[in-house]
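Shown next, in structure tokens, is the structure this report addresses.
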Amino acid sequence: MRTASGDIPVLETPRLTLRAFRLGDLDGFMAIYADAEHARFVSRVPDRSAAFEKMSALIGHWQLRGFGRFAVVEKATGHFLGHCGASQLDDAREPELNYAFAPHAAGKGFATEAVRHVLGWLYAEKGWTTAISEINPQNQPSRALAQRLGAVPDGVRDAGFAILDIWRYPAPDVFLNNQTSATAN
């Protein structure tokens with residue numbers, strides 16, 4: 001595993017590179033949060049300055065927690081596709097697996113490939129014993145992705161701006177064994 005940008009590792013899948021954000025990712029990052037459909041489920045980023053601040057905060061999370069979100073880049077083209085990784089607010093009871101991808105990446109399996117790899121890494125390398133995603137009940141693509149990775153509903157949380165469904169992923173041994181079995185077939 002290579003590292004770049006301090007202690008943020010570089011992970012690779014067959015089609016993707018997951019790495020630290022770079023300044024050159026800003027336009028692609030901003031486009032995700034400017035998309036009206038996506039903005040229904042996350043906070044909208046109104047301009048370039050706000051996008052820069054949000055991206056910078058995601059980078060800073062690595063320093064505070066030792067984990068965070070990766071920029072997801074397609075190897076074949078070098079295009080920024082989105083981001084995935086983990087976060088944990090100071091008052092959160094447990095860390096959360098997060099992801100957001102550009103509309104042009106939809107339907108190609110990039111999100112599933114990236115999130116599956118990051119969750120395996122969090123379990124195997126960071127020692128996580130549990131993982132959740134908090135998902136707006138109306139966000140069907142995110143719900144479907146969580147289900148593809150074996151997550152099941154596990155309650156709700158009032159986030160203030162919305163009531164979010166909590167999706168719990170399989171325990172590390174189950175998840176990692178399923179990934180090994182899928183790779184062997």
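Spread over its residues, the convex hull of the C-alpha atoms of the range 19-89 is 92 Å³ per residue. Converting phi to 3J(HN,Hα) with the Karplus coefficients 6.51, -1.76 and 1.60 and the offset θ = phi - 60°, the range 166-174 yields 9, 10, 9, 7, x, 4, x, 4, 5 Hz in sequence order, with x at every glycine or proline.
DSSP beta bridges in the chain, what fraction antiparallel, as a percent rounded to 5? Could you put the intermediate results ahead of the total?
On the way: 29 of 30 bridges.
So the antiparallel bridges in the chain amount to around 95 percent.
Here LYS108 is the anchor, and the aspartates and glutamates within straight C-alpha reach of less than 16 Å, apart from those fewer than 8 places off in the same chain, are GLU74.
At a threshold of 8 angstrom on Cα-Cα distance, excluding pairs fewer than six apart, so keeping six or more, what relative contact order does the chain reach in percent? It would help to have the intermediate numbers written out before the result.
On the way: 282 pairs, mean separation 27.4, N = 185.
Once normalised by length, the contact order is 15 percent.
The mean of 1/r over all pairs of different alpha-carbon atoms in the range 35-138, once inverted, gives a Kirkwood hydrodynamic radius of 14.8 Å.
Less than 5 angstrom separates the built amide H of VAL156 from those of ILE166, all sequence-distant by 5 or more or on a different chain.
Principal axis analysis of the Cα atoms in the chain yields extents of 42, 38, 33 Å, listed in decreasing size.
Each reported figure results from applying straightforward, stated rules to the coordinates on display, with no laboratory input. Because the structure is a prediction, the values reported are computed rather than measured.
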